Amino acid sequence: MPLPIQIGAQSLDLSPRVFKSETVVASPAAAAETIICSVVVGGDLATALGVAVIGWATYTVGTNGVSVLFKIRRTDASGATVTASGAETATAAALESKLILGVDDGQVAARQVYVLTMTVASGSAESAVSAAPLLAIAV
């Protein structure tokens, strides 16, 4: 038998644990892994599970692009990978979107940066990222 809920959360403010960005940093050119959005987890927060990071992108693949790969990384484009989508087939000039979710269960540093990256395989012209929100929740 499950334990009954004994404490309500209706007056609990979790906003200091939620961080977001909707700024598109750049769009991938050629086949380079490119940061398309970044978010900073501010403060020195204790976590029980880690940081759940949710990224989403709407994009148009550039000329000759055949697949896309998304990653959520720590710090920058060469930082530790939190999660990766795997390469997925894409069609040049088609508007597409992708959702990616990862949980960083490592020790979270104060002012930890998370980035959403995109790589377009075989792309010979810049792809266009029209939206790329990134949400981080320390839990």
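The values are calculated or read from the model by the stated rules, or taken from the named source; none is laboratory data. Small disclaimer: the values here were computed from a predicted structure and weren't measured. Counting neighbours? That spans all protein chains shown, and the Cβs are built from the backbone with ideal geometry, glycine included. Areas reflect the complete protein model, heavy atoms only, side chains present, ligands, DNA and RNA absent. Shrake-Rupley method; radii C 1.70, N 1.55, O 1.52, S 1.80 Å.
For a quick check of your reading: which strands (runs of 3 or more DSSP E) sit entirely within the range 1-114 and have at least 1 residues that are among the acidic types (Asp, Glu)? If you could, list the steps in order and put the result at the bottom.
Details: elements: 18-21, 34-41, 51-60, 67-74, 81-84, 95-104.
Result: 95-104.
Which numbered condition in (1) touching a strand residue (DSSP E or B) at 6+ places or on another chain (Cβ under 7 Å); (2) hydrophobic (A, V, I, L, M, F, W, C); (3) over 21 Å from Ser15 (Cβ atoms); (4) open to solvent by less than 70 Å² (accessible area, probe 1.4 Å) is the only one that Leu99 fails?
(4)
Does the range 3-20 contain at least one residue that is surrounded by 15 or more Cβ atoms within 10 Å (Cβ to Cβ), within 21 Å of Lys98 (Cα to Cα) and in contact with a strand residue (DSSP E or B) (Cβ under 8 Å, 6 or more places away or on another chain)?
In the first step, residues of the range 3-20 are kept if they are surrounded by 15 or more Cβ atoms within 10 Å (Cβ to Cβ); the result is 17, 19.
Imposing the further condition that a residue be within 21 Å of Lys98 (Cα to Cα) reduces the set to 19.
Next, only the ones that are in contact with a strand residue (DSSP E or B) (Cβ under 8 Å, 6 or more places away or on another chain) stay: 19.
Yes.
What's the number of the condition Ser130 fails, among (1) in contact (Cβ under 8 Å) with a residue 60 or more places away in the chain; (2) surrounded by 15 or more Cβ atoms within 10 Å (Cβ to Cβ); (3) assigned to a strand (DSSP E or B)?
Of everything listed in (1) in contact (Cβ under 8 Å) with a residue 60 or more places away in the chain; (2) surrounded by 15 or more Cβ atoms within 10 Å (Cβ to Cβ); (3) assigned to a strand (DSSP E or B), Ser130 misses just condition (2).
Being at pLDDT 95 or above, of a type in the set (A, V, I, L, M) and more than 11 Å from the chain's Cα centre (by Cα) narrows it down to one residue among Ala77, Ala32; which is it? Full working, then the answer.
Details: Ala32 fails: at pLDDT 95 or above.
Unique residue meeting the criteria: Ala77.
Can you list residue pairs whose Cβ atoms sit under 6 Å apart, with the first residue in the range 29-44 being at positive phi and the second being open to solvent by less than 50 Å² (accessible area, probe 1.4 Å) and assigned to a loop (DSSP other than H, G, I, E, B)? Count only pairs 6 or more apart in sequence or on different chains.
Taking only residues 6 or more apart or on different chains, the pairs are Ala30/Gly123.
Only one of (1) of a type in the set (Gly, Ala, Ser); (2) open to solvent by less than 50 Å² (accessible area, probe 1.4 Å); (3) modelled with pLDDT under 95 is not met by Ala93, so which one is it?
Condition not satisfied by Ala93: (2).
Within the range 115-126, which residues are polar (S, T, N, Q) and not in a strand (DSSP E or B)? Break it down into steps so the answer makes sense when it comes.
So the first thing to find is which residues in the range 115-126 are polar (S, T, N, Q), and the list is 117, 119, 122, 124.
Residues satisfying the conditions are Ser122, Ser124.
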